[in-house]
1. Quantify how strongly other chains surround peptide B:65-72 by giving the mean number of their Cβ atoms within 10 Å of each of its Cβ atoms.
2. Using the Cα centre as the reference, give the magnitude of the dipole from point charges on the C-beta atoms of the protein assembly as shown (Lys, Arg: +1; Asp, Glu: -1; all else neutral), rounded to the nearest 20 debye.
3. Take A:ASP103, project a point 7 Å from its Cα along the Cβ direction, then tell me which residues of the stretch B:66-90 have their backbone nitrogen under 19 Å from it.
4. Which whole number gives the average, over all residues in A:41-48, of C-beta atoms from other chains lying within 10 Å of the residue C-beta?
5. For a quick check, take a GNM of chain B with Cα springs below 10 Å and name the residue from B:ARG289, B:ARG40, B:ARG137 with the largest mean-square fluctuation.
6. At a Förster distance of 51 Å, what's the computed FRET efficiency of B:GLN203 paired with B:PHE304, Cβ-Cβ distance as r, to 0.05?
7. Determine the percent antiparallel among the DSSP beta bridges restricted to the protein assembly as shown, to the nearest 5.
8. In nm, give the distance between the simple-model label positions of B:THR291 and B:ASN227, each being 7 Å from the Cα along the Cα-to-Cβ direction.
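Just so it is clear, none of the values below were taken in a lab; they were calculated from the coordinates. Values in this document were obtained by computation on a predicted structure and should not be read as measured data. When we count neighbours, we look across all protein chains shown, and the Cβ atoms used for this are built from the backbone with ideal geometry, even at glycine.
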Amino acid sequence: MPRNLILTALLFCCAVAVCPAAQQDPDKSVMHPAANSVELYAAFFQFQEALSREVSKRLETDGIAGEGFKNAACVLLGLEADDFSTAGEVAREVNEQLRALRDEAATLRSSAGKPLDPAKAISYANRRREAVSDAVRRLERRLSKQGWARLQSYLNDTFRMTIVGVKVR
Amino acid sequence: MARRRSLLRLICAIVGTVLLAPTVSVGQCSDGSTALWASRNVVRQAGNQVWEYAQSWVEGNYYLYWIPRVTGTVTLNGQIHYGTNTAGYGGIATTQWYDAPSSVGVGLYTIYGFHEYGSDCGQYQYQNTVASLLVERPTISGPNATWWLGGGSDPANGYYNGATLTADPKGAPETPYWSVTANPSKVSLSCSVCTNSVVASAQPSAGCQWDVAIKISVGGLDSNLFNFQVNQPSYLVSSRQPVDTAQGGGWYSKIYYNTKDMCNNYMSSIALNESFGGWVNDQANNWSRPTAGGASGFTDYEWFDGIWLDCATCTPPTMNPQTPLSASAVDHVSQSWRMGSAVVGSGVLVQTNVFQRYLDHARHQ
């Protein structure tokens with residue numbers, strides 16, 4: 001008990017010491033993902049999977065309203081229904097890959113009882129980037145030309161602005 | 001509210017530092033590729049569904065050394081959602097909610113994201129984000145009345161039996177769905193899933209009232225009711241005393257009228273027609289009888305029924321208007337006035353009177 005208290009107190013002191021330096025003010029240092037970047041597409045695949053899942057749920061519970069909901073989602077992204085479904089499939093595939101990567105890394109970490117060594121961690125990061133890049137290429141190949149152009153326009157002009165970030169060195 | 005949120009975030013930051021604290025330290029958890037990302041958005045997924053989400057995640061070579069966490073608060077005239085999610089190493093922390101404005105309400109939906117990141121190296125960082133979206137009910141605009149003219153229209157005079165209404169979905173992605181919620185038998189809509197719908201009259205309103213209600217819906221979020229009236233020419237009023245003048249050996253009587261609608265408004269030029277029933281002689285006569293006719297309009301708001309007869313050889317012979325006017329009735333007939341069409345018998349019946357002829361003049365009684 002006293003040991004926990006000491007640890008907590010130490011952490012608290014650390015927090016107080018670290019927080020002011022770590023505070024971020026997005027209004028002053030707003031960074032959006034670069035257009036057509038891996039970061040942007042990784043976020044989009046998350047978004048698209050959630051959107052597609054919601055559409056499927058609606059279609060299952062109420063076909064007519066679900067269709068309306070799906071149409072609305074298509075309008076949101078500027079995609080035709082077929083392209084919307086394709087984007088959902090690609091998003092699900094890549095997200096599964098990314099989840100599997102994370103699970104694999106988590107298992108390794110858990111069995112080792114310590115963080116992955118840097119080389120291993122970087123190799124996972126590279127695999128992650130490759131998975132996303134592959135998915136982007138797959139998406140471009142599978143979408144109609146018009147759909148791909150519209151999606152890029154939505155992602156680069158609208159969706160990108162919903163994401164902010166800060167660099168850490 | 002903002003103070004409470006700030007306080008809450010400070011507490012979160014302190015507790016977060018504890019909870020996101022590393023279990024084992026490593027030497028390096030970031031490089032030039034490391035970025036702490038936060039997304040927040042309020043998306044009008046459908047007319048009646050708003051999706052609010054906030055996410056935290058880390059990208060870069062060392063993303064697996066970071067634990068992200070997000071705390072989301074959604075407000076709509078006060079807080080409606082609050083939640084926190086912590087992801088595993090390299091994961092994506094997400095809080096999200098789906099709301100139906102038809103039940104939660106319309107207004108400014110705002111999500112406040114509080115994004116935290118803790119690394120194996122003991123780093124703790126956070127950032128705040130906010131996103132808003134104004135969700136409004138769809139609206140209908142356009143004239144809130146049209147005319148019932150017995151089934152037809154009088155475009156030459158600007159009287160139409162239909163009005164074009166325009167829907168504004170107010171940002172909803174669906175095409176609006178139109179319906180008539182009160183007195184649907186009085187109007188018909190040209191389309192039910194469209195932006196512009198023509199409301200055609202089928203029956204008049206029950207008086208000067210907006211007794212037809214129309215609404216649009218976008219995915220289940222309804223507009224306010226758009227109240228609508230089917231007006232019609234309603235009755236005639238005498239606009240001035242009749243004028244009787246001599247016409248050869250006979251007479252020419254002008255009987256003046258204004259036309260009023262159901263709301264007692266004067267109506268400008270409109271097509272009209274008369275029709276007659278069976279003539280009745282008040283005394284033996286051989287007077288010629290007028291043929292029912294119509295007119296395509298008139299000037300301004302006043303019109304007259306011009307009646308004349310000049311027949312000194314008839315039985316009885318016609319006379320110039322006397323002073324006082326003769327009370328000797330010759331014949332009469334039931335006369336009906338209809339508005340909205342120059343075709344005899346078409347249009348809306350506004351008056352039935354007795355058309356009475358005397359030796360030296362005529363009157364509507």
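1. Numbers: counts 5, 1, 0, 0, 0, 0, 0, 0.
The shielding value for this peptide is 1.
2. On the way: 42 positive and 43 negative charges, 414 e Å.
Computed about the Cα centre, the dipole is about 1980 debye.
3. B:87-90
4. On the way: counts 0, 4, 6, 0, 0, 6, 6, 0.
Mean inter-chain Cβ contacts per residue within 10 Å come to 3.
5. Highest fluctuation among the options: B:ARG289.
6. Numbers: r = 31 Å, r/R0 = 0.60.
Given R0 = 51 Å and the Cβ-Cβ separation, E is 0.95.
7. Numbers: 119 of 123 bridges.
Beta bridges within the protein assembly as shown, antiparallel portion: roughly 95 percent.
8. 4.8 nm
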